[in-house]
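For reference, the structure is listed below as structure tokens.
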Amino acid sequence: MDKLGRMKTPTNRPRKILICDDHPVCCYGLKASLEAVWSNNGTIFQFAHSGERALELAEAEKFDYLFMDMKLPAISGIDVIQKLSYRLGETNVVIMTSYTEAGPMERLKQAIQTLPIHGVLQKTHNDEVFRTMIDHLEENRAGVFMDDESRILLDRVSEVQLTKREMEVVQLIAEGKTAKEIAELLGCSFETVKSHRTNILFKTKVRNAAELGAWFSERYGKSSAGSHTLS
């Protein structure tokens, strides 16, 4: 057993795998990749195409591996792992994602720090990276395995922490709203908006509304709807 409570899977017994992805083609593609790694050992696969179904299956039995799509229709992959965390002590948990935006990457970074996640792979990974990850997990090596793209994306996530109201102000600035319009939309005073603006510029280390709009667009994948002013 390693420090995370995982037992090393005996190589002479079939592994039990749960794959959760709302796209069946992704499930069966991942199954083929795993069968190529563990040929002829009778690996047992279960599939879930929703977070709710993954919860049902994982509540009913233990798995050696859980491959979880981060983006699911009703409940996210991270939320599923959070709900199952008390049952995943001996399970190797791998997050599969196609996200590249900073917002989802921020949430993933937080999840890695608090949940039993042992691997992170972009869905664009190649076979060599996949095999390397399986070796990492089979040998219970220390640390969370990440492919290079995921590591770069997570490293880019800054530690900027905006309040809920500051995020509302930033989004409206990115949409091209003036400070007066923002005050009317949020039901607060012009001076309150200016105060939020000052705090936001300080936290994000940008100089003006145009740069702030660009910061928001790059970070959250949003496009601005107009010019950026705070007059």
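Each reported figure results from applying straightforward, stated rules to the coordinates on display, with no laboratory input. From a predicted model like this one, the values you see are computed outputs, not experimental measurements. Cβ sites come from the backbone with ideal geometry, for glycine too, and all protein chains shown count toward neighbours.
The charge dipole of the chain, taken about its Cα centre with unit charges on the Cβ atoms of Lys, Arg (+1), Asp and Glu (-1) only, comes to about 500 debye. Its convex hull of Cα atoms gives the chain a direction-averaged projected area, equal to a quarter of the hull surface, of 14.2 nm². Taking the Cα centre of region 164-220 as reference, the dipole from Cβ charges on Lys and Arg (+1) and Asp and Glu (-1) amounts to some 220 debye.
The charge dipole of region 58-141, taken about its Cα centre with unit charges on the Cβ atoms of Lys, Arg (+1), Asp and Glu (-1) only, comes to about 300 debye. Think of it as helices only: each DSSP H run of n ≥ 4 in the chain is worth -39500 (n - 2.57), and spread over all residues that comes to -15000 deg cm²/dmol at 222 nm. Between region 44-121 and region 178-205, the alpha-carbon centres lie 37 Å apart.
How high is the relative contact order of region 16-156? Use alpha-carbon pairs under 8 Å, at least six apart in sequence, and give a whole percent.
21 percent
Taken as entire DSSP H runs, the helices of the chain never both span 30 Å or more between Cα atoms along their own long axis and average 1.6 or more on the Kyte-Doolittle scale.
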